[in-house]
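Notes to accompany the following structure.
The values are calculated or read from the model by the stated rules, or taken from the named source; none is laboratory data. Note that the coordinates shown come from a computational prediction; the quantities given were computed from them, not determined experimentally. Cβ: placed from backbone, ideal geometry, glycine included. Neighbour counts: every protein chain shown. Ligands, DNA and RNA are excluded from the accessible area calculation, which covers all protein heavy atoms including side chains. Shrake-Rupley method; radii C 1.70, N 1.55, O 1.52, S 1.80 Å.
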Amino acid sequence: MTLLRRDVVKALLAERGELLVVAGLGSTAWDCTAAGDSPLTFPMWGAMGCAAMMGLGLALAQPRRRVLVLTGDGEMLMGLGSLATIGVQKPQNLMVAVIDNERYGETGMQATHTAHGVNLAAMARAAGFASGVLVRDMAGVAALRHSLQQGAGPHFAQIKVAAEKVPLVLPPRDGALLKNRFRQALLGASAALQ
Amino acid sequence: MNAPVATDIDWPLATHQVLARLGFGVVGYVPDAGHKRLIELCQADARMRSVVMTTEEEGIGLAAGAWLGGAKCALLMQSSGVGNIVNALGMVHECRIPVLIVVTMRGEYGEFNPWQVPMGQATAEVLRAMGVAVQQANAAAEVPAHVDAAARLAFGGYCAAAVLISQRVIGIKSFQEQAEQ
């Protein structure tokens with residue numbers, strides 16, 4: 001049974017507690033919103049290829065909080081060098097989870113490199129991540145939840161999902177609003193005065 | 001004569017002191033000859049997390065994530081690297097994320113490599129086109145003050161600010177000199 005992206009993201013974000021989330025542009029940002037909008041989710045509407053590095057910056061700034069980057073295969077492919085950079089920094093509190101439908105979902109469902117066999121999880125392992133797993137079932141997703149909460153990372157997961165069109169559930173678009181609500185939820189009201 | 005025009009102060013040391021005093025907790029860089037000493041000073045400073053990157057574009061994500069988490073980030077890059085950050089700067093502009101960018105120039109003053117010239121000549125214009133405030137330091141003594149001012153502008157004004165350090169300060173690279181080192 002092929003995994004469905006909304007089920008996967010909903011499971012990863014269930015009872016998320018103090019988890020900080022960066023959502024890569026496009027479908028994964030909509031998935032996170034469908035699972036429940038939160039000020040501690042930062043959905044990207046641009047800067048394609050930068051999601052994993054945003055997660056690294058956040059993980060370094062907040063070493064006591066868990067950080068999850070949820071992004072798509074196309075977005076991750078555009079920033080492959082960041083796997084090497086994260087592999088060097090080795091932040092224990094970071095997980096990068098790629099929702100891999102093997103398609104560019106926002107531009108017409110064209111095949112990405114992962115459709116042709118490019119193995120992102122193996123790349124992450126080779127780059128120095130503590131783990132890099134290919135996930136194809138909900139048991140694998142449940143194991144990720146465990147790593148997300150307590151394992152020493154950085155962790156990487158490539159989660160194969162169906163190439164389906166799902167209803168758009170959009171987060172706010174205003175970048176300054178998204179930044180400010182995240183910082184105030186994380187750092188307190190004084191963040192506005194920093 | 002390829003020596004730097006002005007060597008009256010140790011600009012990397014003074015610039016590192018500025019970054020430390022202003023509380024920069026994360027410094028992202030791609031290795032660069034002009035920034036070599038400043039990078040080494042930042043690496044040796046336990047108050048700063050130095051992050052070596054594969055391309056300058058990673059730095060924009062790094063800086064944005066750091067700021068979401070409450071940390072100030074400075075990026076050190078060569079002028080050619082400015083060409084690699086252009087689209088990502090759109091996020092900085094839209095989200096009003098403060099970031100300090102310190103750029104060592106190539107293709108600008110006595111350059112010998114023609115492949116460096118187009119990006120070097122376009123650097124300031126490209127940054128301004130993306131909403132980045134630009135300050136140009138043409139002498140070593142100006143660099144720390146410019147970095148201090150640009151950092152205040154960036155973090156006071158919630159924007160990106162760049163200091164372009166002229167090849168007059170860094171010295172003009174030549175293969176002959178490299179061969180002799």
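A simple spin-label model places the labels of B:Val52 and B:Arg128 3.6 nm from each other, with each point 7 Å out along Cα-to-Cβ. Between B and A, roughly 2300 Å² of accessible area is buried in total, ligands, DNA and RNA not counted and the probe set to 1.4 Å.
Which residues in segment B:17-34 place their backbone N less than 16 Å from a point set 7 Å from the Cα of A:Val88 along the Cα-to-Cβ direction? Within reach of a label on A:Val88, which here means backbone N under 16 Å from a point 7 Å along Cα→Cβ, segment B:17-34 contributes B:26-34. Relative to the dominant Cα principal axis of chain B, helix B:143-157 is inclined by about 20°. Normalising the average separation of contacting C-alpha pairs (under 8 angstrom, six or more residues apart) by the number of residues puts the relative contact order of chain A at 25 percent.
Per-residue mean of foreign Cβ neighbours for B:47-59 is 5 (Cβ atoms of other chains, 10 Å radius). Between the amide H of A:Leu3 and those of A:Ala162, distances stay under 5 Å, these residues lying 5 or more places away or on another chain, with hydrogens modeled in the peptide plane.
Taking beta carbons within 10 Å but only from partner chains, what does the mean come to for residues A:41-54?
Values: counts 0, 4, 0, 4, 4, 6, 12, 3, 7, 13, 2, 4, 14, 12.
For peptide A:41-54, the averaged partner shielding equals 6.
Taking every C-alpha pair closer than 8 Å and separated by at least 6 residues, the mean separation divided by the residue count of segment A:111-194 gives a relative contact order of 24 percent.
Taking the Cα centre of chain B as reference, the dipole from Cβ charges on Lys and Arg (+1) and Asp and Glu (-1) amounts to some 440 debye.
By the rule of a C-alpha distance below 14 Å, with chain neighbours fewer than 8 residues away ignored, the aspartates and glutamates paired with B:Lys72 are B:Asp148.
Ranked highest first by average number of other Cβ atoms within 10 Å, how do B:90-96, A:18-24, A:134-140 line up? Walk me through the numbers before you get to the answer.
On the way: B:90-96: 19.7, A:18-24: 25.0, A:134-140: 14.9.
Highest mean packing first, the order is A:18-24, B:90-96, A:134-140.
Of all DSSP beta bridges confined to segment A:53-117, the antiparallel ones make up roughly 25%.
Straight Cα distances below 17 angstrom link A:Lys10 to the lysines A:Lys160, A:Lys165, with same-chain residues fewer than 8 positions distant left out. Of all DSSP-defined beta bridges confined to the protein assembly as shown, some 5% are antiparallel rather than parallel. Inter-chain neighbour count for A:79-88: the average number of beta-carbon atoms from partner chains within 10 Å of each residue's beta-carbon is 4.
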